[in-house]
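Take a look at the structure set out below.
The values are calculated or read from the model by the stated rules, or taken from the named source; none is laboratory data. Note that the coordinates shown come from a computational prediction; the quantities given were computed from them, not determined experimentally. Neighbour counts run over all protein chains shown; Cβ positions are idealised from the backbone, glycine included. Areas reflect the complete protein model, heavy atoms only, side chains present, ligands, DNA and RNA absent. Shrake-Rupley method; radii C 1.70, N 1.55, O 1.52, S 1.80 Å.
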There are 2 protein chains.
Amino acid sequence: MLSFTEENYIKAIYHLSDAGQLAVSTNDIALHLQTKAATVTDMIKKLANKDLLAYEKYYGVSLSKKGKTTALYIVRKHRLWETFLVKKLGFQWDEVHEVAEQLEHIQSNLLIEKLDAFLGHPETDPHGHPIPDKNGKVKQVKQFSLSQGKNGSKYIVSEVKDGSATFLQYLAKYDLYPGVTIQIKEILPFDGSMIVQLQNKQKITLSKATSENILIKNNE
Amino acid sequence: MLSFTEENYIKAIYHLSDAGQLAVSTNDIALHLQTKAATVTDMIKKLANKDLLAYEKYYGVSLSKKGKTTALYIVRKHRLWETFLVKKLGFQWDEVHEVAEQLEHIQSNLLIEKLDAFLGHPETDPHGHPIPDKNGKVKQVKQFSLSQGKNGSKYIVSEVKDGSATFLQYLAKYDLYPGVTIQIKEILPFDGSMIVQLQNKQKITLSKATSENILIKNNE
DNA sequence: TTATTTTTTTAGATTAATCTAAACTTTTAT
DNA sequence: ATAAAAGTTTAGATTAATCTAAAAAAATAA
């Protein structure tokens, strides 16, 4: 069984490596986990000994199959808990991250399977991130950035990338959550900002930075 | 903020001291926490420095007001989580303890207040133990052991003391949970066992050891 | 009341996770 | 191509939680 800390390293490496493909550098991990490079070196040696990742001195690490499976299970737990907090306990979607960071380390397969069933086997969490299934399978959605949407087209919001509390609160103000339909009404050429119409017909302006952080899918 | 381990010590001392009145010995704590007396001595010095308990060398410890408040909050969290696991997730009552031991250490007041509301502000957990309220107040019920019940009388089961999985499974087989009404039909003098009638009119025999572990209250 | 037993504490190590400072390797820039 | 910069590892400490073994204190028994 992995310690709390080991689990956090595995999860960090998973996220930094874009689902476990690329090699990740010591410094990136240190930055992500707010710790020192020397500490990371020690820990990745330990994780390499447990066959959770492949480590080549001075060239970073990449997760093994076992490491990826472990990471996906932690991600599954994190996203199920976030879903629970929002859907059942009435948390705002900007309030859930820190609590889910703790809950994801609870060790009980029975708990997770029962929680999953209680939530109705959700496929995505409140931010639109896919929830890996019991076997670690992730359902991929064909999605792209709102900034790449065409003027006049209708789309469904599928995911939000930046998870900062202020950004999420801003979106919440307009009920701009995964699942809602929006239409691009105008794209302003000089700064890339756009005017979109919401489900309630209200029109709002989104900066380029904002629209890049909102992922959408086609309105089939 | 207390560590996981510190919290477990405070909780252990609370339970061993019968709600924080009596002094608790080093050995009792070691036994309860499956650790060594030397380890306990170190830890209680640390907790004494944090003003969570009063420690007199060779004469054991007793919780301070701050220590009691801390203990009651941990107990509150533990019992709310057990209630959630049984009432919402469909756990059997003999399956919840280990998971609740982990969940009780999650740090989020918002989570606990929302969970409490979601559960409808329950007053007792699935074993009939009272859940301390937000301010640490515990509602005491006038209850006594079933072994002290009078032949012919009807009572309401209020709590089960022994929490071993096998004991709880045995009671579950007869739907003998806190809240159900039972009537004592016969007390056998030679071994102290008794025959009780359940809500479904079925009669079962309970050994003295069993009836001592079931608490009841009067059927007002 | 003194000796024996039990309980508790102290002393000294160990392991996991962390750090700083110094050494080493790789990358980048002239 | 070499020097400087950036990134990584090693060496040596530190803190929290734990242990064993030995010493000390308290309780019990003869």
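Quick notes on this one:
- Whole-angstrom gap from the range B:146-220 to the range A:105-127, using each part's C-alpha centre: 37
- In straight-distance terms, cross-link reach from residue A:185 covers every one of the lysines whose alpha-carbon lies under 29 Å from its own, apart from those fewer than eight places away in the same chain; here that gives A:142, A:150, A:154, A:161, A:173, A:201, A:203, A:208, A:217.
- Nm distances between copies for residue A:181, ranked from closest, using label points 7 Å along Cα→Cβ: 5.6
- Candidates B:82, B:56, B:159: whichever shows maximal mean-square fluctuation once chain B is modelled as a Gaussian network with Cα springs under 10 Å: B:56
- Calculated over the range B:159-220: convex hull of Cα atoms, volume per residue (Å³): 85
- Interface residues, the range A:89-112 - accessible area loss of 30 Å² or more versus chain alone, probe 1.4 Å: A:89, A:91, A:99, A:102, A:103, A:106, A:110, A:111
- In nm, spacing of pseudo-spin labels at residue B:156 and residue B:35 (7 Å Cα→C-beta vector): 4.0
- Projecting 7 Å from Cα along the Cα-to-Cβ direction, the label point of residue A:109 sits 3.9 nm from its equivalents in the other copies, listed shortest first.
- Computed [θ] at 222 nm, deg cm²/dmol, the protein assembly as shown (DSSP H ≥ 4; -39,500 (n - 2.57); rounded to nearest 500): -12000 deg cm²/dmol
- Estimated translational D of the range B:35-191 in µm²/s (Stokes, Kirkwood radius over Cα pairs; 20 °C; 1.002 mPa s): 118
- Label-to-label distance, nm, for residues given as residue A:59 and residue B:25 (7 Å Cα→Cβ offset): 6.2
- Signed unit charges on C-beta, dipole axis of the protein assembly as shown, positive-most listed residue A:166, A:37, B:16: A:166
- The label-point distance for residue A:6 and residue B:220, in a model that sets each label 7 Å from Cα toward Cβ, rounds to 5.4 nm.
- Take every Cα pair under 8 Å whose residues are at least 6 apart in sequence, average their separation, divide by the length of the range B:144-218, and the relative contact order is 43 percent.
- Helix runs (DSSP H) in chain B reaching 15 Å along axis by Cα, Kyte-Doolittle at least 0.0: B:37-49
- Across peptide B:79-86, the average count of Cβ atoms from other chains found within 10 Å of a residue's Cβ is 1.
- Around the amide H of residue B:186, modelled in the peptide plane, lie the amide H atoms of B:152, B:195, all under 5 Å away and 5 or more residues distant in sequence or on another chain.
- Rh by Kirkwood over Cα pairs, then Stokes-Einstein D for the range B:74-140 at 0.692 mPa s and 37 °C, µm²/s: 280
- One quarter of the convex hull surface built on the alpha carbon atoms of the protein assembly as shown amounts to 28.7 nm², the projected area averaged over directions.
- Applying the Karplus relation 6.51 cos²θ - 1.76 cosθ + 1.60 with θ = phi - 60° to the range A:127-143 yields 3J(HN,Hα) values of 8, x, 6, x, 9, x, 7, 3, 9, x, 7, 10, 7, 8, 9, 6, 9 Hz, where x marks Gly and Pro.
- For the range B:152-175, backbone nitrogen atoms closer than 12 Å to the point 7 Å from residue B:197 Cα along Cα-to-C-beta are found at B:152-155.
- In summary, the range A:1-87 shows an alpha-carbon radius of gyration equal to 1.07 times the 2.2 N^0.38 Å reference for compact globular proteins.
- Computed over chain B: relative contact order in percent, which uses C-alpha pairs under 8 Å that are six or more apart: 15
- In order along the range A:90-95, phi translates into HN-Hα couplings of x, 5, 6, 6, 8, 9 Hz, rounded to whole numbers, per the Karplus curve 6.51 cos²θ - 1.76 cosθ + 1.60 with θ = phi - 60° and x for Gly and Pro.
- Accessible area per residue for the protein assembly as shown, computed on protein heavy atoms with a 1.4 Å probe, is 53 Å².
- With its label point put 7 Å out from Cα toward Cβ, residue B:203 sits 8.3 nm from the same residue's point in the other copies, in order from shortest.
- Net charge dipole, the range B:42-101: roughly 440 debye, given to the nearest 20, about the Cα centre with Cβ charges of +1 for Lys and Arg and -1 for Asp and Glu.
- Computed over the range B:113-190, the Cα gyration tensor eigenvalues convert (square root of 5λ each) into semi-axes of 28, 15, 11 Å, ordered from largest to smallest.
- Charges were assigned to the Cβ only: +1 to each Lys and Arg, -1 to each Asp and Glu. The resulting dipole of the protein assembly as shown about its Cα centre is roughly 460 debye.
- For chain A, a Gaussian network of Cα nodes joined below 10 Å ranks A:84, A:144, A:118 by mean-square fluctuation, and the top entry is A:118.
- Among the lysines of the range A:72-139, pairs at least eight places apart or on separate chains and with Cα atoms under 20 Å apart come to 10.
- Choice from B:26, B:124, B:83 with maximal GNM fluctuation in chain B (Cα, 10 Å cutoff): B:26
- A/B buried area, accessible surface, summed, 1.4 Å probe, Å²: 1600
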